[in-house]
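Beneath this line is the structure, given in structure tokens, with notes to follow.
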Amino acid sequence: MSYFAFLEEHGVTLLLGSVTTIKVLICSIILYVIISMIFGLMRISKNKVIQGIATGYIEFFRGTSLLVQLFWFYYVLPFFGLSLEAFWAGVISLGMNFGAYGAEIVRGGILAVPKGQWEAAHALNFSPAKRIKNIIIPQIFPIILPPAANLTVELLKATALVALVTVVDLTFEAKQINSITWLSAQAFGSALLIYYFMARFALVPFLRWLEVLAARKVGKEHL
């Protein structure tokens with residue numbers, strides 16, 4: 001079978017799987033950004049309990065396998081009375097895992113803000129919450145966006161794991177087509193290209209645009 005004939009027969013199926021992959025990606029990004037900000041801020045807290053909770057979370061999720069975490073959320077939690085749909089098990093496992101890495105990026109970004117900015121906020125008698133919200137947070141985005149962008153691209157690639165818990169995404173559809181047709185090169189080659197195009201021509205340009213926007217917001221020239 002020629003590649004064009006393969007696409008004519010299975011292209012729609014692969015595109016539908018791609019839509020599910022995009023949904024998983026978007027939901028996972030939202031969750032991991034929220035977790036990154038919360039636990040990144042908790043990591044710099046002067047309260048040892050809060051800092052300890054954040055450190056424990058980050059070390060656990062960074063120190064264990066994402067695949068095992070995914071299996072826990074989908075296969076093990078039902079034994080404790082909490083059943084998740086495959087889609088949400090995938091989103092939660094991806095969001096919590098990448099959120100642990102993102103939290104360290106946020107922490108590093110906050111610590112990279114010049115000490116004078118903290119002193120100026122203190123001199124203006126800002127409350128700690130107001131210092132973080134109005135002075136520090138706006139300045140960390142140009143710092144954290146490049147590593148966060150790389151992490152987000154890695155997240156896109158990691159979404160392929162959700163096929164292992166029966167989420168009908170791009171990888172799942174490619175596996176199904178391969179199991180029926182045994183056209184491995186066409187099935188997985190198409191999936192490979194789709195992942196590449198999603199990253200190279202959609203996700204990466206969007207993230208680069210965010211970097212430029214963040215740099216302009218704080219009056220820095222984007223390199």
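Read the figures in this text as sums done on the coordinates, not as results from a lab. Here the structure is a predicted model, which means the values were calculated and not measured. With ideal geometry, Cβ positions are generated from the backbone for all residues, glycine too; neighbour counts draw on all protein chains shown.
Straight distance only, please: which lysines reach the Cα of LYS23 with their own Cα at less than 16 Å, same-chain residues fewer than 8 apart left out?
List returned: LYS157.
I need the shape label for the stretch 91-154. Rule: rounded when a/c is under 1.5, else prolate if a/b > b/c, else oblate, with a, b, c from the alpha carbon gyration tensor. Please list the in-between numbers first.
Numbers: a/c = 3.47, a/b = 2.23, b/c = 1.56.
Prolate, since a/c reaches 1.5 and a/b exceeds b/c.
Can you give the local net charge around ILE50? Use residues other than it whose beta-carbon is closer than 14 angstrom to its beta-carbon, Lys and Arg +1, Asp and Glu -1.
Numbers: positive: ARG43, LYS46, LYS48, ARG107; negative: none.
Combined, the nearby Lys, Arg, Asp and Glu give +4.
Here are several values of P(r) over Cα pairs in 10 Å bins from 0, in percent: [x] 9, 39, 40, 12, 0; [y] 7, 33, 34, 19, 7, 0; [z] 8, 27, 29, 21, 11, 4, 1, 0. Which one was derived from the coordinates shown?
Checking each listed value against the structure points to [z].
So which lysines can LYS48 reach, going by Cα to Cα under 26 Å and dropping same-chain residues fewer than 8 places off?
LYS115, LYS130, LYS133
Note down the net charge around VAL168, summing +1 for each Lys or Arg and -1 for each Asp or Glu among other residues with Cβ under 15 Å from its Cβ. Numbers along the way, then the final one.
On the way: positive: LYS23, LYS175; negative: GLU85, ASP169, GLU173.
Taking every Cβ under 15 Å from that of VAL168, the sum is -1.
With θ set to phi - 60°, apply the Karplus curve 6.51 cos²θ - 1.76 cosθ + 1.60 along the stretch 89-96 and write out the HN-Hα couplings as whole Hz, x wherever there is a Gly or Pro.
Values, residue by residue: 4, x, 4, 5, 5, 5, x, 6 Hz.
For the chain, give the magnitude of the charge dipole about the Cα centre (Cβ charges: +1 Lys/Arg, -1 Asp/Glu; no others), in debye to the nearest 20. Can you show the working numbers first?
Working: 17 positive and 11 negative charges, 229 e Å.
Dipole of the chain, to the nearest 20 debye: 1100 debye.
So if I place +1 on the C-beta of Lys and Arg and -1 on the C-beta of Asp and Glu, and nothing else carries charge, what would the dipole magnitude of the stretch 19-120 be about its Cα centre? I want it in debye, nearest 20. Show your work: numbers first, answer last.
Values: 7 positive and 4 negative charges, 50 e Å.
Charge dipole of the stretch 19-120: 240 debye, to the nearest 20.
List every residue whose amide H lies under 5 Å from the amide H of VAL168, counting only residues 5 or more places away in sequence or on a different chain, with H placed 1.01 Å from N in the peptide plane.
none
Projected onto the charge dipole of the stretch 68-186 (+1 at Lys/Arg Cβ, -1 at Asp/Glu Cβ, origin at the Cα centre), which of GLY102, LEU84, ALA185 gives the Cα projection farthest towards the positive end?
Final value for the positive-end residue is GLY102.
Could you give each residue of the stretch 7-22 its phi-based ³J(HN,Hα) in whole Hz, using Karplus coefficients 6.51, -1.76, 1.60 with θ = phi - 60°, and x for Gly or Pro?
Calculated HN-Hα couplings, in order: 5, 4, 7, 10, x, 4, 4, 5, 5, 5, x, 5, 4, 5, 4, 5 Hz.
Specify whether the C-alpha gyration tensor of the stretch 149-197 places it in the rounded, prolate or oblate class, a ≥ b ≥ c being the square roots of the eigenvalues: rounded for a/c under 1.5, otherwise prolate if a/b is larger than b/c and oblate if not.
Working: a/c = 3.73, a/b = 1.58, b/c = 2.36.
Oblate.
Short version: ³J(HN,Hα) in whole Hz for each residue of the stretch 166-182, in order, from phi by Karplus 6.51 cos²θ - 1.76 cosθ + 1.60 (θ = phi - 60°), x for Gly and Pro, what are they?
Using θ = phi - 60°, the values come out as 6, 6, 7, 9, 4, 5, 4, 5, 4, 5, 5, 4, 5, 5, 8, 9, 6 Hz.
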